[in-house]
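Since the structure comes first, as structure tokens, the remarks are kept for the end.
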Amino acid sequence: MKNAPIIVWFRQDLRLSDNPALHEALETGAPILPLYILDDANAAQWKIGGASRVWLHHALAALNTDLADNLILKIGDARDIIPALTKETGARGVYWNRCYEPWRIARDKKIKSTLEADKIEAKSFNGSLLWEPWTVLKKDGTPYKVFTPYYKRGCLGATPPRTPLSRPTNIIYGETDGISSALDTLNLLPRNQGTWDKALVAHWDISESGAQKRLHNFLDDGLANYKTGRDHPAENNTSRLAAYLHSGLISPNQAWYAAQERGTAEGWENDRDHFLSELGWREFSYALLYHFPTITWENLQKRFDDFPWITEDSEELKRWKRGQTGYPIVDAGMRELYETGYMHNRVRMIVGSFLVKHMLTHWHKGEEWFWDCLLDADLASNSASWQWIAGCGADAAPYFRIFNPILQSEKFDKEGAYIRRFVPELSDLPNKYLHTPWEAPEDILKKCGVTLGQNYPKPMIDHSTARDRALNAFKSTKKDDAA
């Protein structure tokens, strides 16, 4: 039927601009039925974490506003919902942008087969990546496992990313009355809403327009000196785009071309190129997940399967989560995570190294906590990055490279602005002792209102002791190799 609608299934692409599925559906001239499904049934253990659910609630509210209140919301198994909805609405097709998590790929294949068997058009597009995983391979057809050749030879040597599509101006909608569930029925917000979720959203404008503002604020104030400034958590040289990219409030193509244009115009080529390579790392993570789908749980380097990790939920793990390790830079990072749903990238490496090397705690425990607390919790990036810091993944940091949290703190938060913001009980300490409060004389601690072991903890483990223990544990994997 000529006027039969097309369902546009929104997933990790909650925007109108540069949305290939929406664009192609509109090109047909058919009325549009915008749809979002919260599919925890198929996600299983990878269902959206707590902080990401809060973000999703507000992102869907913003998208519905942009769609003139025509967004159809459903909760349940998409394999049942989509075929039923096509019958109910008489839809002639279902269009969507591809996702790359293993569970989504398996589910989407089944849905496509079901639709095609019912003579319903099922079309998918690339709306989330610059280069799809199967398009960037080595000359022998195998996937890359090292980032630099992947990005420089594979990505930069490939066809350039498509240019972004413009925002549609006139959308004709199909009949949606009585079809949609209310947003609140998705139960994305905590049951007992309190200060936690409200504090999270206070830091962000969770909308497509908010994503564009964030990008252009970064280009105005953060791109210059990005290459060096991005390592300093108190500086404004990070893009803070990860959550917007994950939920698709902005596309990587929009960020890629906007940064290219601005960086070239201003003569910031080095900073521009470094930012683009960070978008490349996101692509690399997705390529790893696509080609090695077990990295979500299994060590990519099998020698770590017998590593003597501590896997139980220990008291030390609880202290790490709460930001009570006694190392100010680690505690600042963990508190930033819980308070804002975000953590600076340099600090992510510091707290990750502390967990897996100082504490010998399995990277799974860190991955699980980040999954629940990060607004940008992304299965590809979270899995690849935790394996990287643990030394067991692709292109991994060598296990014996153990971050010294004291030196990292002194180097990247020299004046202590970041620590003072998130660990206010130490804010009156002079810089000399801020990074190592246990070294401060008692009279200075007393003057600054710090009582170690009471209002701020003593270090949970000595750095040198932890380093030696970690290296000895790593040596045991070498013995296993020799055997």
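Select, from F275, F304, F354, the only residue that is under 25 Å from G416 (Cα atoms) and assigned to a helix (DSSP H, G or I). Checking each option against the conditions leaves just F354.
Of the helices (runs of 4 or more DSSP H) entirely within the range 409-474, those holding at least 3 residues that are within 33 Å of the chain's Cα centre (by Cα) occupy 417-422.
Yes/no matrix, rows are residues, columns are (1) of a type outside the set (S, T, N, Q); (2) within 30 Å of A199 (Cβ to Cβ); (3) out of contact with any His (no Cβ under 9 Å at 6 or more places or on another chain):
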| residue | (1), (2), (3) |
| --- | --- |
| I7 | yes, no, yes |
| L33 | yes, no, yes |
| N42 | no, no, yes |
| A51 | yes, yes, yes |
| N64 | no, yes, yes |
| N70 | no, no, yes |
| A78 | yes, no, yes |
| I82 | yes, no, yes |
| R107 | yes, no, yes |
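For the range 103-147, the set of residues classified as in a helix (DSSP H, G or I) and over 25 Å from L85 (Cβ atoms) consists of P133, W134, T135, F147, listed by residue number. Report yes if S251 is surrounded by 13 or more Cβ atoms within 10 Å (Cβ to Cβ), in contact with a strand residue (DSSP E or B) (Cβ under 7 Å, 6 or more places away or on another chain) and not assigned by TED's automatic domain parsing to the domain that holds I32, otherwise no. In short, no.
Scanning the range 83-92 for any residue that is outside the structural domain of S247 (by TED's automatic domain parsing) and under 17 Å from D13 (Cβ atoms) turns up nothing.
None of I37, I48 is under 30 Å from Y338 (Cα atoms), within 25 Å of the chain's Cα centre (by Cα), in a strand (DSSP E or B) and among the aliphatic types (A, V, I, L, M) except I37. The residues on offer are L288, L241, and the sole one that is closer than 23 Å to V146 by Cα, of a type in the set (A, V, I, L, M) and either modelled with pLDDT of 95 or more or buried (at least 22 other Cβ atoms within 10 Å of the Cβ) (or both) is L288. The requirement of being out of contact with any Asp or Glu (no Cβ under 7 Å at 6 or more places or on another chain), farther than 29 Å from S209 by Cα, surrounded by fewer than 19 Cβ atoms within 10 Å (Cβ to Cβ) and touching a residue at least 40 places away in the same chain (Cβ under 8 Å) is fulfilled nowhere in the range 69-85; no residue meets it.
So, in the range 166-181, exactly how many residues are modelled with pLDDT under 95 and within 16 Å of Y36 (Cβ to Cβ)?
Result for the range 166-181: 4.
Which numbered condition trips up I310, out of (1) surrounded by fewer than 17 Cβ atoms within 10 Å (Cβ to Cβ); (2) hydrophobic (A, V, I, L, M, F, W, C); (3) more than 25 Å from L379 (Cβ to Cβ)? The failed condition is (3). Residues in the range 51-61 that are more than 15 Å from the chain's Cα centre (by Cα) and either of a type outside the set (A, V, I, L, M) or buried (at least 21 other Cβ atoms within 10 Å of the Cβ) (or both): H57, H58, A59, L60. Filtered by the rule that a residue be in contact with a strand residue (DSSP E or B) (Cβ under 9 Å, 6 or more places away or on another chain) and acidic (D, E), the range 119-161 gives a lone residue, E121. Taking the condition closer than 23 Å to P31 by Cα and without any contact (Cβ under 8 Å) to a residue 12 or more places away in the chain, does G178 pass? Here the answer is yes, as G178 does meet what is asked.
Quick check on my filter: what residues within the range 115-132 are over 31 Å from the mean Cα position of the chain (by Cα) and either under 16 Å from W281 (Cβ atoms) or not assigned by TED's automatic domain parsing to the domain that holds A21 (or both)? It would help to see each step written out before you state the result.
Pass one, the range 115-132, residues over 31 Å from the mean Cα position of the chain (by Cα): 115-121.
If the condition is that a residue be over 31 Å from the mean Cα position of the chain (by Cα) and either under 16 Å from W281 (Cβ atoms) or not assigned by TED's automatic domain parsing to the domain that holds A21 (or both), then no residue fits.
Taking residues in the range 106-127 that are free of Cβ contacts under 8 Å to residues at least 40 places away in the same chain, and partners anywhere that are of a type in the set (D, E) and not in a helix (DSSP H, G or I), the pairs with Cβ atoms closer than 8 Å and at least 6 places apart or on different chains are L115/E121. Return yes or no: is D205 acidic (D, E) and touching a residue at least 12 places away in the same chain (Cβ under 8 Å)? When the stated conditions are applied, D205 does not pass them. Screening the range 174-232 for residues that are of a type in the set (K, R) and assigned to a loop (DSSP other than H, G, I, E, B) and picking the one that is surrounded by the fewest Cβ atoms within 10 Å (Cβ to Cβ) gives R191. Every condition in (1) within 30 Å of W46 (Cα to Cα); (2) in contact with a Lys or Arg (Cβ under 9 Å, 6 or more places away or on another chain) holds for E368 except the one numbered (2). Taking the condition touching a Phe, Trp or Tyr at 6+ places or on another chain (Cβ under 6 Å) and within 23 Å of L245 (Cα to Cα), does Y95 pass? Here the answer is no, as Y95 does not meet what is asked. Residues considered: T169, T135, T176. Of these, the only one that is under 22 Å from Q254 (Cβ atoms), more than 25 Å from the chain's Cα centre (by Cα) and of a type in the set (V, I, T) is T169.
The values are calculated or read from the model by the stated rules, or taken from the named source; none is laboratory data. What you see is a predicted model, and the numbers here were worked out from it, not measured in a lab. Don't worry about glycine lacking a Cβ; one is built from the backbone with ideal geometry, like all the others, and counts go over all protein chains shown.
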